[in-house]
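Enquirer: Sending over a structure as structure tokens; questions will come in a sec.
The values are calculated or read from the model by the stated rules, or taken from the named source; none is laboratory data. The shown structure was predicted, so the numbers you read here are calculated from the model rather than taken from an experiment. Because the Cβ atoms are built from the backbone with ideal geometry, glycine has one as well, and the counts that use them run over all protein chains shown. We work out accessible area using only protein heavy atoms, side chains counted, and drop any ligands, DNA or RNA first. Shrake-Rupley method; radii C 1.70, N 1.55, O 1.52, S 1.80 Å.
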Amino acid sequence: MARTPRPSGAAAASSTIRLVIFSIITLSSGWIGLLVNNALGVPHSMNSLGSLIWIVTPLLAGAVMALSDPSLRRPYAASWLPGRLRAYGVALGVFPLSFALAIVVGWAAGWLTPAGLGAFGGAVAAGVLGTVLKNVAEEGAWRGYLAPALIGRQLSAPWIWLISGMIWSLWHIPYYGWLLDESLTRSVYDVPPLVYALITVPIMICWAPLFTELRILSGSIWPGLIAHSIANLSQIPLSLGGLPIAPGRELLVSPLVGVIPNAVVLAAGLGLWARRTGRLRRRPR
């Protein structure tokens, strides 16, 4: 992605206001969705109107903010094209590698057995369309608008990762806490839904460098969408109980909440950033 030009003066203030408005709208969307469900007297679920409001609002808000910002209008439109192909290999490989490493370590330590994973191929296949559509909305918001808007403010990379990761993860709290079936999160890690939601905050901050760098490297949302979808689809067998893990070891080797797989994702993102910024080049002696 070409460097987003930094607006100056009144334009800079306007861009900042758009960022604040986007953040408020986005972080409110899930709670508004829950209120709508309550008003309609329908249970909270992923099939409810509240869920649709939660999913679609960030995409629409990001589109409005980007298209109304002269400094972001062209990059935003271009981000819906395929972009540079070199990012796609990374997008395809990082999450399978992180999951495989976690499973191998857990298996070798006797904390889990992957023997039952093959039985969930049909469930994974059935989830492809819904997962991709959800992630069109997510990546269109987070990497279509939010990441370039933060880059355009000339923030340092750690601040971009922290802010985008926080907004991304806090937006998920109504999802994990109310909209998603509690049995699915407890199959991954047996804690109350709100505790699970809070655990995902540092996880998504760790994912933010990878997704930001994929956006910069490709100029497109599609590599991030592919990586995001692979991550979500790979988690389906876990949420259906296909990878039992010894109690107390989930935070080490669970492919979703474990330290080991998330360290791999973080390392991949930091590696891409270091390569792009020249920090991996050999310094002259």
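Enquirer: So, for the chain, what is the accessible surface per residue at a probe of 1.4 Å, expressed in square angstrom?
Expert: 46 Å²
Enquirer: When every alpha-carbon pair in the stretch 53-194 is counted, what percent end up more than 20 Å apart?
Expert: Numbers: 6393 of 10011 pairs.
Of the Cα pairs, 64 percent sit more than 20 Å apart.
Enquirer: Per the helix-only calculation at 222 nm, which mean residue ellipticity applies to the chain, given -39500 (n - 2.57) for every DSSP H run of n ≥ 4 and division by its residues, nearest 500 deg cm²/dmol? Show your work: numbers first, answer last.
Expert: Working: 14 runs with 193 residues, N = 285.
Rounded to the nearest 500, it is -22000 deg cm²/dmol.
Enquirer: Turning to a different aspect of this structure: Taking 2.2 N^0.38 Å as the expected size of a compact globular protein, what ratio does the Cα radius of gyration of the stretch 226-285 give against it, to two decimals?
Expert: So the stretch 226-285 has a normalised radius of gyration of 1.55.
Enquirer: Among 110-120, 87-97, how do they line up from the highest to the lowest mean number of other beta-carbon atoms within 10 Å?
Expert: Descending packing order for the listed peptides: 87-97, 110-120.
Enquirer: Another question, then. What is the percent carbon and sulfur in the accessible area of the stretch 78-191, measuring with a 1.4 Å probe over the protein chains and ignoring ligands?
Expert: Whole-percent figure for carbon plus sulfur exposure: 72.
Enquirer: Under the rule a/c < 1.5 gives rounded, and otherwise a/b versus b/c splits prolate from oblate, where does the stretch 182-267 land using the Cα gyration tensor?
Expert: prolate
Enquirer: Given the C-alpha atoms of the stretch 132-224, compute the convex hull and give its volume per residue in Å³.
Expert: 94 Å³
Enquirer: With all protein chains present and a 1.4 Å probe, how do Tyr76, Tyr189 order by accessible area, largest first?
Expert: In descending accessible area the options line up as Tyr189, Tyr76.
Enquirer: What is the distance in Å between the Cα centres of the stretch 186-222 and the stretch 35-76?
Expert: After rounding, the separation between the Cα centres reads 19 Å.
Enquirer: Related question: Is the chain rounded, prolate or oblate when judged by the Cα gyration tensor, a ≥ b ≥ c being the square roots of its eigenvalues, rounded requiring a/c under 1.5 and prolate requiring a/b larger than b/c?
Expert: Since a/c reaches 1.5 but b/c is at least a/b, the shape of the chain is classed as oblate.
Enquirer: Highest GNM mean-square fluctuation, the chain, Cα pairs closer than 10 Å: which of Ile245, Ile17, Ile167?
Expert: Ile17
Enquirer: How big is the Kirkwood radius of the stretch 114-180, worked out from every pair of different alpha carbons and given in Å to one decimal?
Expert: Value: 14.3 Å, from the Cα pair sum.
Enquirer: Among Arg18, Arg153, Arg86, which one shows the biggest mean-square fluctuation in a GNM of the chain, springs joining Cα atoms closer than 10 Å?
Expert: With Cα springs under 10 Å in the chain, the top fluctuation among Arg18, Arg153, Arg86 is at Arg86.
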